[in-house]
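What follows draws every value from the coordinates through simple rules; no lab data is involved. Predicted model, so just to flag it, every value in this text is computed and none were measured. For neighbour counting, all protein chains shown are included, and Cβ atoms are generated from backbone atoms with ideal geometry for every residue, glycine included.
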Amino acid sequence: MMNTHLTKTDIKNLTREALARWFQDHGMRSFRATQVFKWLYLQQVDAFDQMTDLGRKTRKLLSQNFSSKRLSLNQIATSKDGSEKYLFELGDGNLIESVLIPEKDHYTLCISSQVGCSQNCRFCLTAQGGLVRNLTSAEIISQVRDIVHLTAGSRNLTNIVFMGMGEPLANYRNVIHALNIITDSDVGLKLSSRRITLSTAGLVSRMADLGKDTRINLAVSLNATDNKTRSRLMPINRKYPIEKLMEACANYPLKNRRKITFEYILMKGINDAPENARQLAKLLRPIKAKINLIPYNTYEDSLFECPDESVISRFQDILITDHYTVMVRRSKGQDISAACGQLRAISLA
């Protein structure tokens, strides 16, 4: 639970429109919200007293009503491939992880949307701790804002993936509010919606809303082509079986010739047979789809194994022959437990 003495609202929980209304309610001009946003997200200041184009009384009022703290950086672990895993401590003592992934000329940041996760996917280490709580909008935004600040002067952070801890669509309101600020092209964090991807385990009830409310990319964690196997791997399939999930994907409002990315974690002897590849090709035929094959990332006491390279290549070849765009996604950061399905938010010390 949040500490009851923390009475001030983190100002990063407010969209620019909400902050503008707050200023109006307090007898001030709404454009002050734009000034505050510039200081928070473009200038990266942390204290209201530093917002020098605001009057002294205005700054005092902001300080009395709001806070603007950065996440407490508990630890940074660096992989031999250059990936960095950030362990952040929240105001209530809970921990989350974000992973900064170096690409050729930019960074991709993998961020979390919840403390833990309730989806209980059997291949995912995060699920073992269960769900503690949703992240606030400010806590989601802060992962991006703080790491932009920490990486200033190096390669640009241009890509965001909601593939860290938690199911983003289960924290829908806070994720959408955070996205509004992350993609604000005037005075927010100025990231392009085309370079932001949200991955869902298949929360069908929120997928259509996401397509209406945002212009970001959708990824669906599929991992099996029959209900028996998928329900075994991903309990959400019992509520939203493959038929309902595929219907939601077929009806998803794609923009600008985009495709839905289907993530398929290859697990030895579970879903990696040639017949599984042929079933996957058939299943996705009605959908504008591209496929990311992810060799399973093992961890201590994990229940599954990664297939041999020859098996992975054959699986990919079958899909390519069926005219799909298929990438084998080699997860970075495996040596620091930062790869897909390995986030747990515990200290490595």
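Listing for the model above:
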quantity	calculated
With at most 16 neighbouring Cβ atoms within 10 Å, loop GluC sites (Glu not before Pro) (DSSP) excluded, longest segment of the chain	104-299
Convex hull volume per residue in cubic angstrom - Cα atoms of the range 71-193	114 Å³
Candidate lysines - alpha carbon under 27 Å from Lys57, same-chain residues fewer than 8 apart omitted	Lys8, Lys12, Lys38, Lys69
Prolate/oblate/rounded call for the range 10-67, Cα gyration tensor, a/c under 1.5 rounded	rounded
The range 66-111 - percent relative contact order, Cα under 8 Å, separation 6 or more	26 percent
Computed FRET value (nearest 0.05) for Gln64 with Arg133, which takes r as the C-beta separation and R₀ as 22 Å	0.25
Cα convex hull volume per residue for the range 196-297 (Å³)	94 Å³
Pairwise Cα inverse-distance average, inverted: Kirkwood Rh of the chain (Å)	21.3 Å
Cα-Cα over 29 Å, subset of Lys190/Lys239; Lys85/Lys282; Lys190/Lys212; Lys80/Lys228; Lys85/Lys288	Lys190/Lys239; Lys85/Lys282; Lys80/Lys228; Lys85/Lys288
Surrounding net charge for Asn251, when Lys and Arg each add one and Asp and Glu each subtract one, Cβ distance under 15 Å	+4
